[in-house]
Amino acid sequence: MSSPVGPYSPVVRAGEWLVCSGQVGLRDGVLMGGGVRGQARQALANVRELLEGEGAAMTDVVKTTVFLVHMGDYGPLNEAYAEAFGDHRPARSAVAVSALPLGALVEIEVWARVPE
């Protein structure tokens, strides 16, 4: 997992809630290849690592927000997303943006509920 690229916390606990800042497809400081599918897989792996570090799992996620540079990448994003979440289907928003940090194609933030 890479360090944050700005002055923010990657994950914050607020009572029963974990909020993970938007994750891009960075691993060891390098943006993953493989287009949006490869970057989404890594972004979701980063999310999983943040959650597990707080004693949570992907099945605790109740809401995600996905930011895409190209809405035409919606299909490949969905493939990586379904791989990461399996049968679990959190609520989700997906929005197109003009650009993302470090030239990323996708960024994913999540909210998870984890009873204390």
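Looking at ALA57, ALA112, ALA84 in this structure, which one is at pLDDT 95 or above, under 24 Å from GLY6 (Cα atoms) and not charged (D, E, K, R)? Answer to the check: ALA112. Reported count of residues in region 68-82, each being surrounded by fewer than 20 Cβ atoms within 10 Å (Cβ to Cβ) and touching a strand residue (DSSP E or B) at 6+ places or on another chain (Cβ under 6 Å), is 1.
When you check VAL61 against the structure, is it touching a Cys at 6+ places or on another chain (Cβ under 9 Å) and either touching a residue at least 24 places away in the same chain (Cβ under 8 Å) or among the acidic types (Asp, Glu) (or both), yes or no?
Details: touching a Cys at 6+ places or on another chain (Cβ under 9 Å): yes; either touching a residue at least 24 places away in the same chain (Cβ under 8 Å) or among the acidic types (Asp, Glu) (or both): yes.
The answer is yes for VAL61.
Of VAL95, VAL36, VAL12, which residue is touching a residue at least 12 places away in the same chain (Cβ under 8 Å) and not in a helix (DSSP H, G or I)?
Numbers: VAL36 fails: not in a helix (DSSP H, G or I); VAL12 fails: touching a residue at least 12 places away in the same chain (Cβ under 8 Å).
Exactly one of VAL95, VAL36, VAL12 is touching a residue at least 12 places away in the same chain (Cβ under 8 Å) and not in a helix (DSSP H, G or I), namely VAL95.
Checking the condition surrounded by 20 or more Cβ atoms within 10 Å (Cβ to Cβ) and either touching a Gly at 6+ places or on another chain (Cβ under 9 Å) or β-branched (Val, Ile, Thr) (or both), which residue from VAL11, VAL47, VAL30 passes?
Numbers: VAL11 fails: surrounded by 20 or more Cβ atoms within 10 Å (Cβ to Cβ); VAL30 fails: surrounded by 20 or more Cβ atoms within 10 Å (Cβ to Cβ).
Going through VAL11, VAL47, VAL30 in turn, just one is surrounded by 20 or more Cβ atoms within 10 Å (Cβ to Cβ) and either touching a Gly at 6+ places or on another chain (Cβ under 9 Å) or β-branched (Val, Ile, Thr) (or both): VAL47.
The values are calculated or read from the model by the stated rules, or taken from the named source; none is laboratory data. The structure presented is a predicted model; accordingly, all values stated were derived computationally and were not measured. Reconstructed Cβ throughout: ideal geometry from the backbone, glycine too, with neighbour counts over all protein chains shown.
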